[in-house]
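Peer 1: Right, I'll just put the structure down here and ask away after.
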Amino acid sequence: MDTQNLEKAAIKIQAWWRGNVVRRTLLHAALRALVIQCWWRSVQAKTLEQRRRLALRVYTCQEWAVVKVQAQVRMWQARRRFLQARQAACVIQSYWRWHASQTRGLIRGCYEVRASRLELDIEILMT
C-alpha cells in the first residue's frame, strides 16, 4: 500500500471516530436536556397542585363562611318568629284571663297599703 491509500484510510478512520464522538456528545446533551425537562415539568406540576390545593382551601373557607352566615340568619329568623309567637300567646292569655274573670263574676276590692302591712278587702260577686 502506498502512502496515499494509507492517508485516505487514516482520514476515513478519523472521520468515523469524530462522527462517533460527536454523536455520543449529542446523545449525552439530549439526555441531559431530557432530564432537565422532566425535572422542570415535575416542578411545574407540583406548583400547579399547590395552587389548586390553595384555591380549594380558600373556596372551602368561603363556603363555610357562607354556610355559617346562612345558619345565623336562619337562627335569627326562627328566634324572631318564636318571640312573636310567644308575645302573641301572652296577649291571648291576658285577654283570656280578663275574659274569664269577667264571665265568672265581679271582683271588687279595696286595697290600702299601710306602714308595714297590706290590708285587702275583696268582694266577689258571681253573676
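Here, each number is a calculation from the coordinates, and none is a lab measurement. Please read all numbers here as calculations on a predicted model, not as lab measurements. Ideal geometry is used to build each Cβ from the backbone, glycine not excepted, and the neighbour counts take in all protein chains shown.
Peer 1: Over the C-alpha atoms of the stretch 25-72, what are the Rg and the largest Cα-to-Cα span, Dmax, in Å?
Peer 2: So, for the stretch 25-72, Rg and Dmax equal 20.7, 70 Å respectively.
Peer 1: Taking one equal scatterer on every alpha-carbon of the stretch 1-42, how large is log10 of I(q)/I(0) by Debye at q = 0.14, 0.22 1/Å?
Peer 2: -0.50, -0.72
Peer 1: Is there a quick way to get the dipole size of the stretch 42-86? I mean about its Cα centre, with the Cβ of Lys and Arg at +1 and of Asp and Glu at -1; what is the value in debye to the nearest 20?
Peer 2: That gives a dipole near 240 debye.
Peer 1: Round to a whole angstrom and tell me the spacing of the C-alpha centers of the stretch 1-66 and the stretch 69-105.
Peer 2: 79
Peer 1: Something else: For the stretch 48-103, what is the Kirkwood hydrodynamic radius in Å, using each pair of distinct C-alpha atoms?
Peer 2: Averaging 1/r across every pair of different Cα atoms and inverting gives 15.1 Å.
Peer 1: At a temperature of 25 °C and a viscosity of 0.890 mPa s, determine how fast the stretch 1-105 diffuses translationally according to Stokes-Einstein, using the Kirkwood radius over alpha-carbon pairs as Rh; express D in µm²/s, rounded to the nearest whole number.
Peer 2: Stokes-Einstein gives a translational diffusion coefficient of 105 µm²/s.
Peer 1: Another question, if that's okay. Which ³J(HN,Hα) values in Hz, rounded to whole numbers, follow from the phi angles of the stretch 37-42 under the Karplus curve 6.51 cos²θ - 1.76 cosθ + 1.60, where θ = phi - 60° and Gly and Pro get x?
Peer 2: 5, 4, 4, 4, 5, 5
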